[in-house]
Structures are given as structure tokens and as C-alpha cells.
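Only one structure is covered here, and it is reproduced in the block below.
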Amino acid sequence: MEISPQIVGTFLDKLKCREYYTLSKSIPFYVNYEHGCIAIINKNQNTIKVGVWKFYNLVAEVLGSMSFKTSDYRSYNHISYLLPIVADLLLFLDEDIHDYTPPRKGWSNVKRSKYSTKIDIELTTLQNRKICSSSNKVASRAIEHGEDISESTEKIVDVHFATNRVKVNDARMFSSDIGIATCYGIAKISIPETHKFGKIEKPLSVLNVKLGEKKGKHFTVDHTEELSFKEFRESLTSKTSGESLILFIHGYNVDFKSALFKSAQIKNDFKYKNPLLLYSWPSHANPLAYSGDKERVDQSVDCLAKLIVDVSELGIKNISIIAHSMGTYCLVKALKQLNSQVANFDSLALASPDIPKSAFINNYFTYVKSAFERVALYASSKDKALWLSKTINRDIRLGQAGENITIINGVETIDVSKADFGWYKLNHSAPIGNSMSMIDLHNFLIRKQPAEDRLLAEAFTANNEAYWYVHN
């Protein structure tokens, strides 16, 4: 089902003085929409205000996950109040919500919203009352009234991998050293029940000393198994049923375990049922080894090129690639080496690409377009890692936005500058770590939506060239 911001806006305009009920316990609350804001009045007469873009993004997630379980949307505050509104929207559009995963107690307790005159009185009484925005307060009230906001079970996510790293003895893991042959396998990653969308839960580090990971609290490697190339191919094809596959190529300063965690996080958050294949090139995993990582990229091009050919011969209908940071450089070099030998890939997401802008346009773009039907470029003006790369290499990077933003015919350029993590962060992983950017990436890769149908706003350069940007 396709829902545009315009359709959601039409529904919200009709959202006046409505009485709703939480999906699990049928606790009443009231909703009114005005001035671009959804106002929710709960049983304790506290007012909660939710911005339109937050609601738009939740709608997109519900459509993608096909679920009305509160535990599937931990990154949202007030989810017990928002999901009934989403359900009402789908019913408004004649969607059969019984095709979706039901709330904890099924659909039998779910009540339709109705017009209420009581909300007029409540709004007048509460118009000067302080907005309740604390998620902890909402959670405590939900528990007090019996609303389940924490239903979940621990998840084990399978990640297929191919790597030219050297194996660590007896650990079934891989080091930062470069090997001669490609190793294949599958890793089982444990994700905690408290996982939040777009995040990787990991232990704190004190004075650069990392504390131990705890299963159930942090991402952990449950098990890894090496496979022969034949077993690897058979595993991929048996788990895809010929439908789809995502290949993820990580960036600079990433060790093997971190690459597994990021792959598992993407697969889990996308609720992706088919294989996600990680290609892990031997980054030094050291922020001071930028030049060394560039050399490792050059040394890994042959390995990635062979993997791309192998994947293209699996007979899978839809193959998409997410390439991040310096991993994008390895990818475009491999595509150029293959010289348009592969042309059956579906979508490519270039996330914070650390590629010289001029080199991409003049030397690599032809090979990218011949291999992929759809290409999206995620860029940011607040990416400090790319700013440093530009300073070192004395060349504008493809992943930079602002006055350096790259607009190419046939490429969707998405500015994620507003989806930053704060001034003290590198903001280099915003396209694959920020929840709003991740939602757009999901809509691009999984739902195959063009930019104009996604939850993006349009903008123009000084030369009147159109691009898009993510709201936060």
C-alpha cells in the first residue's frame, strides 16, 4: 500500500475532536489536530503533542513492518497512543488491518474512534497546561493502567559474510590483517530485547577500555560458522527463494565484529526476511589509519569484484547494495574493473560516500548506472569525517552536502544534515544510524518508493537543481 504525505495530511485535517482507545487495554484518550500538530489528551488530562513528520515516519514504519505490536516501535515515545491513530488512518483508506500482526490481545478489543464533544472542554481547560513530553512519565502511567509497552523477546539475527580478513585462531572471528583467500560464513548475532530502532546497544568504554558485552543487554556474537563456497551459495539461495538479497559494504575504521553488528541492526530494523550479506574488507579499525585503509580498499577490489559476480549468478531477482563511507570507493572501483559485466542489480544506496566528487562523476558513474536501476546518494554537511577526508585529500567528497552537494541526473540525492547526532559526534553514520534516515533507506530499498513518494521534503540548489532532505 502506498501512502504519500498528502494522503496522511488529508486524514489529519479530519482529525478533530476524536475519542480513541489504546489497542491492548481500550483505555480512552482524546485527539485533536491543529496547526500542524497532533494533540493527545490522556486519561490523566495531560497533553502530549506529536509533530506531523514524526507521525508520517511512524506510518511508514507500520506499513513496512505490517505490525501493530507496540514492542516493534521502541524508538517512538507515546506509541500506545499513536498506533490507534495509525490504525484509524488505514481503516480510513479501506486497508484491511487484519493482515497486520495484531496488538498483544488481538483485534477483538480494538474499538473505532468516534467524534467527542468532551475534547472541546478538555482542550479549553488544558490549553495553558505544560506539555507532558517525558517518555518515563508516559511509561509509568501506561504501566499503572495496565498498558503493555515492553512486550518483546530476544532475537537472533543471521548475517552471511564474505571477507578477505585473516582468521583469528580458535575464535571463529577475523582480524584487521589482510588475507590471501576469501572466507565465507554465517554469523548469528544476539540483539537485546531493549533494542531501539537505528541503534547498536554496546557496553560503555572507560578511558578507552571497553567493558564486557552482556547477552540480553548488548549486541553479541552468538555463533559464527565458516562455510565452503559451495555451502555459502546454497545457504544464500535456499534462504532467499530467489526473491531478494542485500549486500552491505562497511566503511573506514570498522572491525569485523562491528561490521557484523551493523549488518544485524540493519536487517533487524528493516524486518528483512531474506539474507543480508556483509562484505567485510580488512579495515585497520583505527581512526588514525586513514591512509592505511585506503590501501586496503585498493587491495580488496579484486575480492569484491569476484563476490559481485558470484552474487549476480545466484538467480536472485532483486539484489540491492548499501555501501558506506570508504566502502563505496571499493565498490565503484570493483564495478569499473568489471566493466559493465553485471547489469541485473536493483538498487544502490551510497551512504556518506568517501569518494572524490569529480572522480565519481567522470570515472565511475557510467559503471554504476549500467549495474543498477536505481541509485540514492545520502549526503550531509555535518559529516566531520568527510570534512577531514576533504582536508587530507584536497578534494570535495561525494557524501558532502551544503554548497558541495552533488546533483546527478538519474540519482536521488538526499541531504541528511538535519538527522545529525549532535555537534560532538562525527555524524558519519547518519544515513545508516539515524532513525529518520533509516526509515527513508527502508522505503528506498525495501518498498522501492521514488523520492517524491517518500517522507521527504524537496529543496533546490542555487542553480535550481532539485534534491531532497530528511526531517528530524
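Listed by first and then second residue, the pairs with beta-carbon distance under 8 Å, at least 6 apart or on different chains, first residue in segment 364-390 and more than 23 Å from residue 286 (Cα to Cα), second part of a helix (DSSP H, G or I) and β-branched (Val, Ile, Thr), are 364/332; 367/332; 368/332; 375/368. Within segment 76-106, how many residues are acidic (Asp, Glu) and either closer than 24 Å to residue 51 by Cβ or crowded, with 22+ Cβ neighbours inside 10 Å (or both)? The qualifying residues number 2.
Against the test of being farther than 30 Å from residue 315 by Cα and either touching a strand residue (DSSP E or B) at 6+ places or on another chain (Cβ under 6 Å) or acidic (Asp, Glu) (or both), the options 389, 381 yield a single qualifying residue, 389. Being at pLDDT below 90, within 21 Å of residue 352 (Cβ to Cβ) and within 17 Å of the chain's Cα centre (by Cα) is a condition met by no residue of segment 246-261. Of all the residues in segment 34-70, those that are part of a helix (DSSP H, G or I), closer than 13 Å to residue 100 by Cα and among the charged types (D, E, K, R) number 1.
Here segment 39-58 is the region considered, the condition is being of a type in the set (A, V, I, L, M) and in contact (Cβ under 8 Å) with a residue 60 or more places away in the chain, and the residue that is surrounded by the most Cβ atoms within 10 Å (Cβ to Cβ) is 41. Looking at the structure I just gave you, is residue 357 surrounded by fewer than 18 Cβ atoms within 10 Å (Cβ to Cβ), in contact (Cβ under 8 Å) with a residue 40 or more places away in the chain and in the same structural domain as residue 296 (by TED's automatic domain parsing)? Considered against the rule, which asks whether it is surrounded by fewer than 18 Cβ atoms within 10 Å (Cβ to Cβ), in contact (Cβ under 8 Å) with a residue 40 or more places away in the chain and in the same structural domain as residue 296 (by TED's automatic domain parsing), residue 357 comes out as no.
Conditions (1) touching a Leu at 6+ places or on another chain (Cβ under 9 Å); (2) closer than 24 Å to residue 271 by Cβ; (3) of a type in the set (Lys, Arg), marked per residue:
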residue	(1), (2), (3)
432	yes, yes, no
437	no, yes, no
440	yes, yes, no
444	no, yes, no
449	no, yes, no
456	no, yes, no
459	no, no, no
464	no, no, no
469	yes, no, no
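The values are calculated or read from the model by the stated rules, or taken from the named source; none is laboratory data. Just so it is clear, the model here is predicted, and its values are computed rather than measured. Here Cβ is always computed from backbone atoms with ideal geometry, including for glycine, and neighbour counts include all displayed protein chains.
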